[in-house]
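Some notes on the structure that comes next.
Please treat every number below as a calculation from the coordinates, not as lab data. Please read all numbers here as calculations on a predicted model, not as lab measurements. Cβ: placed from backbone, ideal geometry, glycine included. Neighbour counts: every protein chain shown.
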Amino acid sequence: MTVTHKRPQKQQETDKPPDYQPGIRFHCDACARDITQSVRMRCAETSTCEEVDLCPPCFLEGKSIGKHRPWHPYRVIEQHSYPIFTDEWGADEELLLLEGCQLYGLGNWLDVSGHIGSRSKEEVADHYHSVYLSSDDCMPPENANITIDQETFQARKKARFEELRNKPIEIPPPKTKPLTSAPTNHEVGGFMPGRLEFEHEIENDAEVLIKDLEFGLVHGYKGDSLPDPRRPGSTSRVKVENTENGETELPPQPANEEIVEDEPQPDLQLKLTLMDIYNGRVDKRLLAKRFIFDRGLLQHKKIQAAERKRPREEKDLVNRLKPFARLQSAQEHERFVDGVVYETTLRKRISELQEYRRMGLTSLSDVDLYEKDKVARANFRPMPGREQMLQQSSSSANGVSGSRRDSKKGEDLSRESTPSVRSIKKTPTSLASSQSLYLLSEEEQKLCQSVKILPKPYLVIKEAMVRESYKRSGRLTKENATQLISNVEDVKIEEIYTFLSNLGLLHANTANIPA
């Protein structure tokens, strides 16, 4: 037997009503035909076959499925679509009800109604309570008062199916995203909103001071005017324990009653001082909590969102002004903070305008041009080789002037031109801050210092020249080197070429380049 439980149908875009059918369905084990609403043949050979159902055509053909054989005994199972307890419920629905209760449990009427397929959960619950719990008969009565015939019962069942089919589909609400575990108001500082208390209160150990205080009899502070609780008054009721002889008997006083002594005056003053200290600490706690509630400091997300909108300098200023909030109301403190922030902004703007005035800028257009030039100067990076070109042009100009002075004075050219070149010579490039300095030898460091090149570019140029020389079998010339490295000045390339040639690195027999 192939048993299929009814699954909830997915919502489709069409308005076609759903097909309401029993929740459990039976299919032929041979041809897989639906035999829920028809007669079926079940194999009665329980030792080899377990719930094998066949439709009448397959049964007549004598089909064999698995261990089932045509000569096995069988039972004819018809539809028990007739009432046995009430006029509205058939025997098939009663069986499905009991089976659903076994599968899904009592009380799970929604799943049980889905198992039946033609009843709502309210109808299932009412029928179970009225028939199986509130009824006097535990079995179907033989003389049940069933007044409905089979045709009327089937017509009502069909009408019930049509009503369920035409009933509008209840669209379940969309699934909402589950709430994530995030800090809420009661998690900020251990605050408990139901009790309006914090897990750790301000002055949390205030009660430790008075938790062991005990007072004796105090006759001062109008203590002597208080009535004695042990002395019954005229309106108090005394329990009568023995009234046989017309005599009343008061309840006996306990023999071991502790006698309360009078409180000494020095001890009383000390304890009252401790109480005053405790009351002061409690007042401080209440004032702090009132300040927190009035200013809305428990709204953690709102405060953070407002602080993010402020610039960093303004945020630091507001944080420095927070201690003054306890001396002012909320509105006064807000106006005070806004005023201080506005004053700080004005002072900053005034200092900027004074600086512009000292520089001779008198219009906003000049200020805008100055700011643009300032940014451009800050982002300016000199091109490689520019300083070298300036140095060469300056030295050539100084050389001409020196020769003219030498022709007039009759002195040596070198003596006159050397000081002028030295006076305009730029400071050599510093290699101390270079991270690749340790990769160079002393001679290479001097070379980099003279040609004004950093160690890392020098190593790249050196590797390119050595590899190219190895490819050319040691026939690399200066012209080839300058063409190979075109983004560096030719003068620097020639000096590096000469240095590497003197070391013997540009010859094929001495180069040791890995493949």
Too-long pairs where the Cα-Cα distance tops 31 Å, listed order kept, from K284/K309; K63/K158; K222/K284; K374/K446 = K284/K309; K63/K158; K374/K446
Tell me, in nm to one decimal, what length is gained between R357 and F293 on full extension, where the rule is 0.36 nm per residue of separation less the Cα-Cα distance?
-> 18.0 nm
Arrange the following residues from fewest to most other Cβ atoms within 10 Å of their Cβ: D126, D53.
-> D126, D53
With labels modelled as points extended 7 Å from the Cα through the Cβ direction, what inter-label distance (nm, one decimal) is found for R347 paired with T147?
-> 9.9
Roughly how many nanometres apart are two label points built 7 Å out from the Cα toward the Cβ at Y132 and K222?
-> 7.2
Round to a whole angstrom and tell me the spacing of the C-alpha centers of the stretch 307-366 and the stretch 45-64.
-> 93
Most exposed first, judged by fewest Cβ atoms within 10 angstrom, K289, K284 run K284, K289
Listing S38, S329 from the residue with the fewest other Cβ atoms within 10 Å to the one with the most, what is the order?
-> S329, S38
E61 versus L270, label points 7 Å from Cα toward the beta carbon: distance in nm?
-> 10.8
